[in-house]
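These notes are about the structure you will find just below.
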Amino acid sequence: MFLFKKIFKAVFYIIIAMSFFTLVDFGSLSLKTIIPKSETRIKVNEGVGAGVIRNLKDATEENQVDFQGDNQEIIDLVNKAREEAGLGKVKENEQLKLSAMEKAQHMKDNDYFDHVSPQGLQPWYFAQKQDYNYKAFGENLAEGYFSAISVHEGWMNSPGHRDNILSENFKEIGVAILEFQQDGSVSPEASRGGQKSYLIVQHFGSQLTPQDLITEIICDKDSKENCEDAEDEEERVEDLIKEQKKIIEKAKDNGIGKKDLKRLEENLDDLKDAEDELEDYLEECEEFLAKCDAFK
């Protein structure tokens, strides 16, 4: 009876060990999350906080003159200045173009002219809203200019705005030109006494690249717990193998029949197979856990 209890115990542990392997699928345990490196996203260019420029002369003397030039001319002037400074050109970016227009419209609708809105919205808020994942960002604002050349000269004569135009950190640009009435009305016809003017916005930026990103691998915490359980299970199986060998030796000493001895030896083989599988599994565990940065 004692001998059969030992055999039953060994078989019971085989079932536990074998069923354990069905609990974990290494192919489905990791989740990759892309996050910016803390040192990658540089401080937003100081030109953002360098104030704004307003041209009162144009606003009074050229009240009803339409803006001379367009977005592309402003960009061309920027690139000409950059080329003269030995810098690469900036390319027009649709997202920055939309963010610049939205910033201009927001200033018009909320009656302010500043880098930070009365609600506390920072300049880069509008770029992020357009899913522009910036590495560096800058903003130039102007009001009261009626031509591309005059607003460009105004910015170039302002140190902070000039720094944005000639910054090595920027690769892309978006420009917006928005007509408005200085008394807050929408169109010239809507106000007899209001003066037509223009809000001009430049948004500069460069986007995060794959080289600026890191991959954090987050693994299921159950995977770690299962691997730890496997280590305990391996120790149990090792003890069972030792115990089973002793049982076989005793059985031989007691003259057990060949048929029963064969069953005991088969049971020992099953335990050894379970041990081999556990060893393979733990090797996978080690490789897998080494790739995990965090567990959730």
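The values are calculated or read from the model by the stated rules, or taken from the named source; none is laboratory data. Everything quoted here is computed from the prediction, not taken from an experiment. Every residue, glycine as well, gets a Cβ built from its backbone with ideal geometry; the counts of neighbours run over all protein chains shown. The accessibility values were calculated without ligands, DNA or RNA, using every heavy atom of the protein model including side chains. Shrake-Rupley method; radii C 1.70, N 1.55, O 1.52, S 1.80 Å.
Taking amide H positions as placed in the peptide plane 1.01 Å from N, state which residues far from E216 in sequence (5 or more) or on other chains have amide H under 5 Å from it.
Answer set, sorted by chain and number: T33, I35.
Sort W124, W155 by heavy-atom solvent-accessible area, probe 1.4 angstrom, most to least.
Numbers: W124 60, W155 0 Å².
Largest to smallest exposure gives the sequence W124, W155.
Using θ = phi - 60° and the Karplus relation 6.51 cos²θ - 1.76 cosθ + 1.60, list the HN-Hα couplings for the range 133-150 in order, rounded to whole Hz, with x at every Gly or Pro.
8, 7, 9, 9, 8, x, 9, 10, 10, 8, 8, x, 9, 10, 7, 4, 5, 5
About the Cα centre of the range 149-276, how large is the charge dipole given +1 on each Lys and Arg Cβ and -1 on each Asp and Glu Cβ? Please answer in debye to the nearest 20.
Details: 17 positive and 32 negative charges, 135 e Å.
Charge dipole of the range 149-276: 660 debye, to the nearest 20.
To the nearest 10 square angstrom, how much accessible area does L121 have with a 1.4 angstrom probe?
In the full protein context, L121 sits at about 40 Å².
Please list, in order along the range 276-286, the HN-Hα scalar couplings obtained from phi with the Karplus expression 6.51 cos²θ - 1.76 cosθ + 1.60 (θ = phi - 60°), rounded to whole Hz, x for Gly and Pro.
Whole-Hz 3J(HN,Hα) from phi for the range 276-286: 4, 5, 5, 4, 4, 5, 5, 5, 5, 4, 4.
For a protection proxy built on the mean count of beta-carbon atoms within 10 angstrom, sort 109-120, 233-244 highest first, please. Mind showing how you got there, number by number?
Details: 109-120: 12.1, 233-244: 16.8.
With the highest mean Cβ count within 10 Å placed first, the list reads 233-244, 109-120.
Going from most exposed to least, what order do D270, D253 have by accessible area with a 1.4 Å probe? Mind dumping the intermediate values first?
Values: D270 75, D253 130 Å².
Heavy-atom accessible area, descending, gives D253, D270.
For a 22 Å ceiling on Cα separation, which of these pairs sit above it: K80/K196; K242/K272; K80/K171?
Details: K80/K196 29 Å; K242/K272 10 Å; K80/K171 14 Å.
Among K80/K196; K242/K272; K80/K171, the Cα-Cα distance tops 22 Å for K80/K196.
Roughly how far apart, in whole Å, are the Cα centres of the range 110-154 and the range 236-275?
Each part reduced to its Cα centre gives a spacing of 80 Å.
On average, how much accessible surface per residue is there in the range 245-296, in Å², for a 1.4 Å probe, leaving out ligands, DNA and RNA? Write down the numbers at each step before the final one.
Details: 3660 Å² over 52 residues.
I get 70 Å² per residue for this part.
Arrange the residues R162, R82 by how much accessible surface each exposes, largest first, with a 1.4 angstrom probe. Don't skip to the end; give the middle numbers.
Working: R162 100, R82 5 Å².
In descending accessible area the options line up as R162, R82.
Taking Cα pairs under 8 Å and at least six residues apart, what relative contact order does the range 186-291 come out at, in percent? Don't jump to the answer; show the numbers that get you there.
Values: 32 pairs, mean separation 33.0, N = 106.
It comes to 31 percent, rounded to a whole number.
Distance in nm between label sites at T209 and M156, each 7 Å beyond Cα in the beta-carbon direction?
2.9 nm
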